[in-house]
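In what follows, a structure is listed as structure tokens, so that the remarks can point back to it.
The values are calculated or read from the model by the stated rules, or taken from the named source; none is laboratory data. In this text, all values refer to a predicted model and were calculated from it rather than measured experimentally. Counting neighbours? That spans all protein chains shown, and the Cβs are built from the backbone with ideal geometry, glycine included. When the accessible area is computed, the model is the full protein with side chains, heavy atoms only, and any ligands, DNA or RNA have been set aside. Shrake-Rupley method; radii C 1.70, N 1.55, O 1.52, S 1.80 Å.
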Amino acid sequence: MKAIGYKQNLPIEDVKSLQDIEIETPKATGRDILVEIKAISVNPVDYKVRSGRPVEGDDWKVIGWDAAGIVKEVGEKVTLFNAGDEVWYAGDLTRQGSYAEYQLVDERIVGKKPKSLSYAEAAALPLTTLTAWEMLFDRLQVANDDANKSILVIGAAGGVGSILVQLAKKLTKLTIIGTASRPETTAWLNELGAHTVINHRNKLSDEFKKHNLPQPEYVVSLNGTEQHIDEIIKLIKPQGRFGFIDDPSSLNVMPFKVKAVSTHIELMFTRSMFQTEDMIEQHYILNKVSELIDNGTIRTTLGENFGTINAENLRKAHAFMETGKAKGKIVLEGF
């Protein structure tokens, strides 16, 4: 089967950083399903792994953690899907990825694809949706009746922020304060339902004063956590909850002590990496969001389509992602 892989951690400008390859098509056993990939999307984890995780042995490493496609084969223990089902998922950090014509994935982290979306529109959502949902409801434990409370979402116009803002808007009563720095990303967040958009290029506390905003009970930092941590400490309400998803080189949480702020890290791969007892929750989350999309509550966060799934287009997608200027999600479709 066709795939895109690498053997060395190289800058994306190097043609060997991602290469078109041919590898053997895997077989489904156990609780695995074999999915024919129709579309994928690119996430920051893609370029972080490509540039920083060495390949063991001489095998090709295939990455990619967002996909939509059709079930072609099921393992003998599979109960949730049948051949021919349309599915979407975010995959498993420890296994071969979705930059391939076919991929094995555990049925417990797969959902039924929204019927109202194309494969490309669907592929834009699984990883960011799971991250946003788990952050809001599993980590921060936001309640549906949290009226008169607010959430600050830093870096809200990217992939995770684009779905997190929608989930918060549609499923909670929170006042949503998003941050962006460009006119197009500010407009995007307003369109998605943010109540106020502030500029994270400025001091967040100055922006809060300018817009007369209350202290947020919840703060989610999606990028630049190290850069904003002092302002977060200053702004967050006593006994608030703070969550982040990026990779600061260091983070001193002790200043939160005086406010008794709880701190949470979200990684949507944890359940699959450790085969947790509640691993199947991701199946349920994806199915819930599929229903929300099909009934018009949530919309796709597709930003740009970079064309066919091949090494050249994926190198372009990685290069653009590495600029940090993506609005919504980058997708590719078909071989």
Problem - Charge dipole (segment 154-226, unit charges on Cβ, about Cα centre) - positive-most of S181, Q166, N223 - result: Q166
Fill in the blank from the handout: For the chain, the dipole about the Cα centre with charges only on Cβ (Lys and Arg +1, Asp and Glu -1), to the nearest 20 debye, works out at 1140
Practice task
Return the distance in nm (one decimal) between the two label points of a simple spin-label model at D278 and E56, each offset 7 Å from Cα along Cα→Cβ.
Solution key: 2.9
Fill in the blank from the handout: Among [x] 132; [y] 236; [z] 167, the entry matching volume of the Cα convex hull per residue in Å³ as calculated here is [x]
Completion exercise
Relative contact order as a percentage, the chain, C-alpha pairs under 8 Å and 6+ apart, gives 21
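Calculate, for the chain, the solvent-accessible area per residue in square angstrom, rolling a 1.4 angstrom probe over the heavy atoms of the protein chains.
43
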Practice task
Go through segment 206-221 residue by residue and turn each phi into a ³J(HN,Hα) via Karplus (6.51, -1.76, 1.60, θ = phi - 60°); whole Hz please, and just put x for glycine and proline.
Solution key: 5, 5, 5, 5, 4, 9, 6, 9, x, 4, x, 6, 10, 10, 10, 9
Exercise for the section: Give the cross-link partners of K257 among the lysines, using a straight C-alpha distance below 30 Å as the criterion and excluding same-chain residues fewer than 8 apart. Expected result: K149, K169, K173, K203, K209, K210, K234, K237
Exercise for the section: Give the distance, in whole Å, between the Cα centre of segment 207-223 and the Cα centre of segment 239-303. Expected result: 19
Practice task
Let me know the shape class of segment 53-132, please: from the alpha-carbon gyration tensor, a ≥ b ≥ c as square roots of the eigenvalues, rounded when a/c is under 1.5, otherwise prolate if a/b is greater than b/c, or oblate.
Solution key: oblate
Problem - Residues of type lysines that K48 reaches as a straight line, Cα spacing below 20 Å, ignoring anything fewer than 8 places off in the same chain - result: K7, K16, K61, K316, K325, K327, K329
Fill in the blank from the handout: For the chain, longest principal axis from Cα atoms; helix 225-235 axis from its Cα atoms; angle between them, nearest 10 degrees, is 30
Handout entry: Longest site-free stretch - the chain; sites: GluC sites (Glu not before Pro), DSSP loop, at most 14 other Cβ within 10 Å
Key = 77-276
Problem - Relative packing of peptides 1-7, 197-203 - highest average C-beta neighbours within 10 Å first - result: 1-7, 197-203
Completion exercise
So for R0 = 22 Å, FRET eff. of Q227-I265 from the Cβ-Cβ r, to 0.05, ends up at 0.80
Problem - Share of carbon and sulfur in the accessible heavy-atom surface of the chain [1.4 Å probe, %] - result: 47
Practice task
Please list 123-133, 250-260, 293-303, 167-177 highest first by mean number of surrounding beta-carbon atoms within 10 Å per residue.
Solution key: 123-133, 167-177, 293-303, 250-260
Completion exercise
For segment 62-212, the charge dipole (Cβ of Lys, Arg +1; Cβ of Asp, Glu -1; about the Cα centre) points to a positive end, and the Cα of S118, S98, N202 closest to that extreme belongs to N202
Practice task
Provide, for q = 0.13, 0.19, 0.23, 0.24 Å⁻¹, the log10 of I(q)/I(0) from a solvent-free Debye sum over equal Cα point scatterers in segment 14-89.
Solution key: -0.51, -0.96, -1.15, -1.18
Fill in the blank from the handout: quick shape note, segment 225-308: Cα extents on principal axes in Å, largest first -> 45, 35, 28
